[in-house]
1. Could you give me the residue pairs with C-beta distances under 6 Å whose first residue belongs to the stretch 192-212 and is free of Cβ contacts under 8 Å to residues at least 60 places away in the same chain, whose second residue is crowded, with 16+ Cβ neighbours inside 10 Å wherever it lies, and which are 6+ apart or on separate chains?
2. Return the only residue of 81, 92, 97 being in contact (Cβ under 8 Å) with a residue 60 or more places away in the chain, surrounded by fewer than 17 Cβ atoms within 10 Å (Cβ to Cβ) and assigned by TED's automatic domain parsing to the domain that holds residue 152.
3. Which of the residues belonging to the stretch 12-49 are within 10 Å of the ligand (Cβ to nearest atom), in contact (Cβ under 8 Å) with a residue 40 or more places away in the chain and either assigned to a helix (DSSP H, G or I) or not assigned by TED's automatic domain parsing to the domain that holds residue 174 (or both)?
4. Go over the candidates 183, 157, 177 one by one and state the one that is in contact with a helix residue (DSSP H, G or I) (Cβ under 9 Å, 6 or more places away or on another chain), within 30 Å of residue 22 (Cα to Cα) and surrounded by fewer than 17 Cβ atoms within 10 Å (Cβ to Cβ).
5. Could you say which residue among 146, 118 is in contact with a strand residue (DSSP E or B) (Cβ under 9 Å, 6 or more places away or on another chain) and within 10 Å of the ligand (Cβ to nearest atom)?
6. Kindly indicate which of 260, 243, 219, 238 is more than 24 Å from residue 186 (Cβ to Cβ) and more than 19 Å from the chain's Cα centre (by Cα).
7. Please report, ordered by residue number, the helices (runs of 4 or more DSSP H) entirely within the stretch 222-294 with at least 2 residues that are touching a helix residue (DSSP H, G or I) at 6+ places or on another chain (Cβ under 8 Å) and either outside the structural domain of residue 206 (by TED's automatic domain parsing) or buried (at least 16 other Cβ atoms within 10 Å of the Cβ) (or both).
8. Exactly one of these conditions fails for residue 53: (1) out of contact with any strand residue (DSSP E or B) (no Cβ under 8 Å at 6 or more places or on another chain); (2) more than 12 Å from the ligand (Cβ to nearest atom); (3) assigned to a helix (DSSP H, G or I). Give me its number.
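The values are calculated or read from the model by the stated rules, or taken from the named source; none is laboratory data. Everything numeric in this text was worked out from a predicted model, so none of it was measured. Counting neighbours? That spans all protein chains shown, and the Cβs are built from the backbone with ideal geometry, glycine included.
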Ligand code: NAD
């Protein structure tokens, strides 16, 4: 039977997972959205909170589309992936957590169901370490950008064992259902956009801080004159989540060949970044970040 995407499961209902789930629902595809379990009396609360954030986001999601999304918890409802044609993983950027989840998904998914990771920086080869042959055939990285509702780009990374029809199926659904522009990337550290973007952002952020610019001045300078949104550097870090800085930069710098890593700055080492994380001021999803948003 020809493979088609009739039902999707998204695991992880944070900034990215909830946005990706909302896009599928807007495209008319039923979605199961799972996150870690909430308190005993409200186990689906984290996933539901993700969906509610999308409903509030500038009227992006049609309330009737929200009816296509069923929420649950990874602990209680993971078997709901069994009839999904495409399972999108968007949990925390940690290869161990992701690999453990993949092993569980592999046991539950139906034969031929695609599994993709939204990792920003973890190489595909690392994500599929120890995975079954069948899993490797059906696995790709689909790297969406934040916020998924506005960003058209999706990077698609296929591994040496990925079946060509798996990559073709994902490409077709991303283009036709989600309206994405799909760019094929090799399995290189941070792929294309983040390899460039992380370098640019760390140089710009560190220079701005060292020259004593305010975040507003730095964003004004690095934004409009270069044709990028006014959130440029610090606003973008608030949007992405400052807590992701150690994970993303750590993973990127760990994966780069030494000669390349040498040219990259480690934004995690910046005292201001460390202080904001320690204070829980990790950006828009918390009580503000570089900009006071709360
Ligand atoms: P987020 O922190 O908003 O969401 C991550 C979700 O993972 C949370 O809802 C959390 O409850 C869940 N989680 C935490 N620990 C878990 C565990 N042990 N098991 C299962 N779930 C767990 O993060 P995000 O920004 O949505 O990032 C998700 C993925 O998407 C990451 O791999 C990240 O690198 C990638 N990504 C992020 C961005 C971005 O700009 N934020 C862009 C592209 C890709």
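1. Short answer, once both residue conditions are applied: 192/185; 204/222; 204/233; 208/218.
2. Working: 81 fails: surrounded by fewer than 17 Cβ atoms within 10 Å (Cβ to Cβ); 97 fails: in contact (Cβ under 8 Å) with a residue 60 or more places away in the chain.
Exactly one of 81, 92, 97 is in contact (Cβ under 8 Å) with a residue 60 or more places away in the chain, surrounded by fewer than 17 Cβ atoms within 10 Å (Cβ to Cβ) and assigned by TED's automatic domain parsing to the domain that holds residue 152, namely 92.
3. Matches in the stretch 12-49: 15, 16, 17, 19, 20.
4. Numbers: 157 fails: surrounded by fewer than 17 Cβ atoms within 10 Å (Cβ to Cβ); 177 fails: surrounded by fewer than 17 Cβ atoms within 10 Å (Cβ to Cβ).
Sole residue among the options that is in contact with a helix residue (DSSP H, G or I) (Cβ under 9 Å, 6 or more places away or on another chain), within 30 Å of residue 22 (Cα to Cα) and surrounded by fewer than 17 Cβ atoms within 10 Å (Cβ to Cβ): 183.
5. On the way: 146 fails: in contact with a strand residue (DSSP E or B) (Cβ under 9 Å, 6 or more places away or on another chain).
Every option except 118 fails the conditions.
6. Numbers: 260 fails: more than 24 Å from residue 186 (Cβ to Cβ); 243 fails: more than 19 Å from the chain's Cα centre (by Cα); 238 fails: more than 19 Å from the chain's Cα centre (by Cα).
Just a single option satisfies the conditions, and that option is 219.
7. Numbers: elements: 234-240, 244-255, 258-261, 271-278.
Once the helices (runs of 4 or more DSSP H) in the stretch 222-294 are filtered for at least 2 residues that are touching a helix residue (DSSP H, G or I) at 6+ places or on another chain (Cβ under 8 Å) and either outside the structural domain of residue 206 (by TED's automatic domain parsing) or buried (at least 16 other Cβ atoms within 10 Å of the Cβ) (or both), what remains is 234-240, 244-255, 271-278.
8. In the conditions (1) out of contact with any strand residue (DSSP E or B) (no Cβ under 8 Å at 6 or more places or on another chain); (2) more than 12 Å from the ligand (Cβ to nearest atom); (3) assigned to a helix (DSSP H, G or I), residue 53 misses (2) alone.
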